[in-house]
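Below: the structure, in structure tokens.
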Amino acid sequence: MYLKKSFNQKRNKTQLSFVQGYRVDGKVKHKVIQNLGYLEDYLDKYKDPVAHFQQIAKEWNEKQQAPETIAVGLSEKLPDQCLNRKNLGYAIIKLVYAKLQIREFFQNKQRQIPAEYNLNSIFSLLVFNRFLFPSSKKNAFETKGSFFDRFDFSLDDVYRALGYFCRYSQDLQRHLHARISCLIGRDSQKAYYDVTNYYFEIPYEDEDSPDAERKVKRKRGPSKEHRKDPIIQMGLLMDSNGIPMAFHTFSGNESEKTNMLPAIREVKKDFCLDRIIVVADRGLNTSDNTFLLSGVNASDGKNNDGYVYGQSVRGADAEFKKWVLEPDGYVITTEKDKDGKEIPFKHKSRLYAKEVTEKDSNGVRRLKRTIYQKQMVYYSEKYAKKQRYEREKAVAKARDLIKHPANYTKATSYGCTAYINNISFSKDTGEIVDGKELSINEEKIAGEALYDGYYSIVTSEKELSDQEIRGIYKGLWEIEESFKIIKSEFKTRPVFVSTEEHIQAHFLICFVTLVIMRVLEQLTGKCHSVRQIRNSLASYSCSYLDQNYYLFDYRDDVILTMEKTFGLDLSKKIMPLSEIKRISMYQDIEI
């Protein structure tokens, strides 16, 4: 409510009234609360009548409560163009966004560029949309009215800004590292690393650039979804809290095994780290990676970095397999599963002199080197049951294929051909080649069964106990979960942009969204799943009633947790716009 002054020309006097402003379909409306009469009538009563009534309006606004009732016309109709429903769950995302000082980061960058549009405003909209309602950049712009923030830019501005986001990607990753280190704390010496890829439903690969500068290309390569479409690969580093540290992308036809070490070196340089212990699955456990991370040729004679790798028992050499099956040395211990239940497993370890080969600067293997690593093997009955189940399912499929070969092709028989003798496929059609007698490879099945339930971990950290090694390696599941989140919850693909800069900016937006989610999990004590958090915040929306009042219709345990964590009151069924704005702008307050 405010004091309105209107000059009455007929009476040559100034009319005073208390007026309340509100919005309908984005247009400002006014409603007279009380007519006060003429200013001249109060000159004898008050020294400054205008200041007097302005103070009354101010005090009224401070004490104003939502009315007990709001009149709603049952016959009232919606206009042809109307968006009366808005989301307020994004205010929680905005709080974390503020804690990470992303707005301040872009404000500093804004001073260096000639752009008239606001980089932070565009980036925040794309992050809010990716978190709650993942869709294209165009759809994010078209539905920006779903939030209470004002986003004053054009769709062309959105696409122009993507180039700047790409340019500032490394700087933003360094900034987030510094903020997370202050906000939560970060064990930067331990980094979990894994690679995934994203396919593009296009019939062509990107052409090779004649420029000397290395470009990220959409190329055909080993796809996680076993598709033949061109792909781009993403390597992700994560800290021991499960919060992403950095990401990098590389062309689809490049090997993930050769891209890990350059990424590690870049992160060490950018984040000013002296040493990193790389934790990765067995796919990255190569001779080159192991040798270089072990640091045996370091000038000071010490390991500069380290590793904790998974290692396949079935794919190991004969000596290692023999050691695994020998009963001597095994110790039985227990660990708690996700439900807190004690699960027994047996394990043993040894120090082992492993021979690896070193490549020269031209990439040619020349020298054999010896490194000393700790090897740990453990057996879990739960893991054994899982392996047996998966193999039995594949063998059952193999037996059906032998009976009905015409029903299968190379694509549809994936996962079972390893258990079939004499099988081959036509290069042209993918169909099974006739004329060969197909049979089950019983020898392979029996050989695999010997090692059901066994898994090995190898590490450069020889002083660590078996339990510490296993504890470190178990954290790797969080990076695998992060890939699932970024693909399924935040729908990283399909990627609705095509230039390299725009693609890189798209992955940056997805990365920052994932960081915000993981930080939010930490702040709330990891008491809710990612899906629960995302669904609840997306559902915490409201509908416009009248006179700047909004009706809320959603509340659950996640909303209760957010209230306790951030000191908010999200329990009201009806809220005025002024209170909603205080919540959505709460990120400006140090919390």
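Projecting the Cα atoms of Ser536, Gln34, Tyr473 onto the charge dipole of the chain (Cβ charges, centred on the Cα centre) puts Gln34 farthest toward the positive pole. Which entries in the list Lys31/Lys58; Lys190/Lys322; Lys190/Lys346; Lys219/Lys257; Lys336/Lys444 go over 23 Å, if you measure between the two C-alpha atoms of each? In this structure, Lys190/Lys322; Lys190/Lys346; Lys336/Lys444 exceed 23 Å between Cα atoms.
Seen through its C-alpha gyration tensor, with square-root eigenvalues sorted a ≥ b ≥ c, the stretch 390-463 comes out prolate because a/c lies at 1.5 or above while a/b is bigger than b/c. Computed over the alpha-carbon atoms, the stretch 298-448 gives an Rg to Rh ratio of 1.09, Rh here being the Kirkwood radius from the mean inverse distance.
Note on the stretch 423-477: along the principal axes its Cα atoms extend 57, 27, 18 Å, ordered by decreasing extent.
Surface composition of the chain: carbon and sulfur make up 48 percent of the accessible area, probe 1.4 Å. Once the Cα atoms are used to define both axes, helix 381-403 deviates from the longest principal axis of the chain by about 80 degrees.
The simple spin-label model puts a point 7 Å past each Cα toward its Cβ; for Glu207 and Ser136 those points are separated by 2.5 nm. For the listed peptides 501-507, 38-44, a ranking on the average number of other beta carbons within 10 Å per residue, highest first, reads 501-507, 38-44. With only the Cα atoms considered, the stretch 392-432 has a convex hull volume of 61 Å³ per residue. Protein heavy-atom accessible surface, 1.4 Å probe, per residue over the stretch 89-212: 42 Å². Computed extension gain for Gln9 through Lys572, at 0.36 nm per residue and net of the alpha carbon distance, reaches 198.1 nm.
Taking Cα centre as origin and charging only the Cβ of basic (Lys, Arg, +1) and acidic (Asp, Glu, -1) residues, the dipole magnitude of the chain rounds to 820 debye.
So if R0 is 22 Å, what FRET efficiency would Asp317 and Thr370 give, r being the distance between their Cβ atoms, rounded to the nearest 0.05? For Asp317 and Thr370, the calculated efficiency is 0.90. From helices alone, the chain scores -11500 deg cm²/dmol at 222 nm; the rule is -39500 (n - 2.57) for each run of n ≥ 4 DSSP H residues, then divide by the residue total. If R0 is taken as 30 Å, the Cβ-Cβ distance between Ala178 and Ser154 corresponds to a FRET efficiency of 0.35.
Hey, what angle do you get for helix 119-132 against the long axis of the chain, alpha-carbon based, 0 to 90 degrees rounded to 10? Tilt relative to the chain: about 70 degrees. Label separation (Lys436 vs Ser255): 2.7 nm, computed from points 7 Å beyond Cα along the C-beta direction.
The slack between Lys427 and Ala115, meaning 0.36 nm per residue of separation minus the straight C-alpha distance, is 107.0 nm.
When only alpha carbons of the stretch 101-187 are considered, Rg and Dmax amount to 13.8, 41 Å.
Starting from the exponent 0.38 and prefactor 2.2 Å, build the expected Rg for the stretch 363-433 from its residue count and divide its actual Cα Rg by it. Numbers along the way, then the final one.
Details: Rg = 19.3 Å, N = 71, 2.2 N^0.38 = 11.1 Å.
After normalising by residue count via 2.2 N^0.38 Å, the value is 1.74.
Give me the angle, in degrees from 0 to 90, between the Cα long axis of helix 530-539 and the longest principal axis of the Cα atoms of the chain, rounded to the nearest 10. For helix 530-539, the angle is close to 20 degrees. When peptides 548-555, 339-346 are ranked by their average number of other Cβ atoms within 10 Å per residue, the highest-first order is 548-555, 339-346.
Using every Cα-Cα pair within the chain, state what percent have a distance larger than 30 Å. Roughly 65 percent, once rounded to a whole number. Between Ala384 and Lys228, the modelled label-to-label distance comes to 4.3 nm, taking each label 7 Å out from Cα in the direction of the beta carbon. Of the two radii for the stretch 523-591, the radius of gyration is 0.98 times the Kirkwood radius, both from the alpha carbons; that is the Rg over Rh value.
Would you mind calculating the gained length between Val72 and Leu273 on full extension (0.36 nm times residue separation, minus the Cα-Cα distance), in nm to one decimal?
On the way: separation 201, 0.36 × 201 = 72.36 nm, distance 6.21 nm.
Extra length available between Val72 and Leu273 comes to 66.2 nm.
Using the alpha-carbon centroid of each, what span in Å lies between the stretch 535-566 and the stretch 260-283? The two parts, judged by their Cα centres, are 42 Å apart. Classify the stretch 360-497 as rounded, prolate or oblate, taking a ≥ b ≥ c as the square roots of the eigenvalues of its Cα gyration tensor: rounded when a/c is under 1.5, otherwise prolate if a/b is larger than b/c and oblate if not. Prolate shape, in that a/c is at least 1.5 and a/b is the bigger ratio.
The values are calculated or read from the model by the stated rules, or taken from the named source; none is laboratory data. Computed from a predicted structure; not experimentally measured. Glycine also receives a Cβ, built like all others from the backbone with ideal geometry; neighbour counts cover every protein chain displayed. Accessible surface is based on the protein model in full, side chains and every heavy atom, while ligands, DNA and RNA are left aside. Shrake-Rupley method; radii C 1.70, N 1.55, O 1.52, S 1.80 Å.
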